[in-house]
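Notes follow once the structure below has been shown.
The values are calculated or read from the model by the stated rules, or taken from the named source; none is laboratory data. If you're wondering where the values come from, they're calculated on a predicted model, not measured in any experiment. Cβ: placed from backbone, ideal geometry, glycine included. Neighbour counts: every protein chain shown.
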Amino acid sequence: MRRSNQPDRAKSPDIDPDVTGSELDKVVRAQLRTLESTNAEWVAKHLVMAGRYLDVDPALAFAHALAASRRGGRIAAVREAVGITAYEAGDFAEALRELRTFRRISGSNEHLALMADCERGLGRPEKAIELAGSVDVGSFDAATRVEVAMVVSGAYADLGRSEEALATLEIPQLDINRAFSFSPRLFLAYADALDAVGRTGESERWRLQSERAEQALGVGDFAEPDIIDLGEDEPEERPRRDRYDGDRRDVESGPGGDSADSGPGGDADASDTDAPDAAADFEDTGGDSEDSAPDAEPDSEDSDPGAENAAGVGDPDSSANDAPTDQGNGPDRDAGPMA
């Protein structure tokens, strides 16, 4: 029996007073129109709450998604929400069950990486590899292909097959000279895989580039904090830079560039964006750029799927800092076991 229908289920969590349900995007609201109006409003509000608390309190977000599913269990977006929140809350069995249902209702394989990682979380790495290989990932966008590759690599690592874990990550998107939103985690995963096969000298280079990618993209430790005015007076009118506004930023280098104050790399311009396929150009640390993605040459279709914003940074060991800005998309999510 589904958890949301169990007789001993917990009471539905409270909804914040400011939530109306209209915060949902129009695609989800369109799905909810199949429900009676009272139920649609109930479901919408709990979905908003699930999204609001997903990163803050995954267990509470999961409870809200379960509450939504009690009246909207046949809606694809609702089952998707239950699956994602269950994954973030660490309930991999429930997450896998709900994401399978979402796939059956919607026909979409967009959460293949999450499903495979749930198999890893349940201690079944062989199943994770099998599931990931059951779908042709060639039709996926670059970010989804990267997510699947990281899960499969982690599954091989779980099995002690370190060389296969390393080879799985050597894909066109693994380019030390360019960074997309997925690159910081991909670089770190590759560094860990290098360590596992004893190539520690190379791994540090990739770890450094992961940090520089975060800096160029304005994510991770380099994300701008939200600013909340807690005073009662009207705030002074002043422009504030939004890291999602698409403006370009210059990132000066330390040893490799003109400024010693701004960082360890070369000259660059960076655009902070939440677009999943935003890219940054790098200069290679210790060699030609064509060595950056072992066994795979990046092409425009794989690594540049329609980005609108780009950021450039220089690599610490490079003497050249004039790489052209290029333009180019979902676990190692921290909540789960993904590598």
### Task
At least 1 residues that are crowded, with 24+ Cβ neighbours inside 10 Å, in the same structural domain as L35 (by TED's automatic domain parsing) and within 19 Å of the chain's Cα centre (by Cα) in each: list the helices (runs of 4 or more DSSP H) lying fully within segment 61-164 that qualify.
76-88, 92-106
### Message
Just the residues that are at pLDDT 95 or above and closer than 25 Å to R74 by Cα, please, taken from segment 111-138.
### Response
H111, L112, A113, L114, M115, A116, D117, C118, E119, L131
### Task
Could you tell me whether L131 is over 28 Å from Q31 (Cβ atoms) and not acidic (D, E)?
no
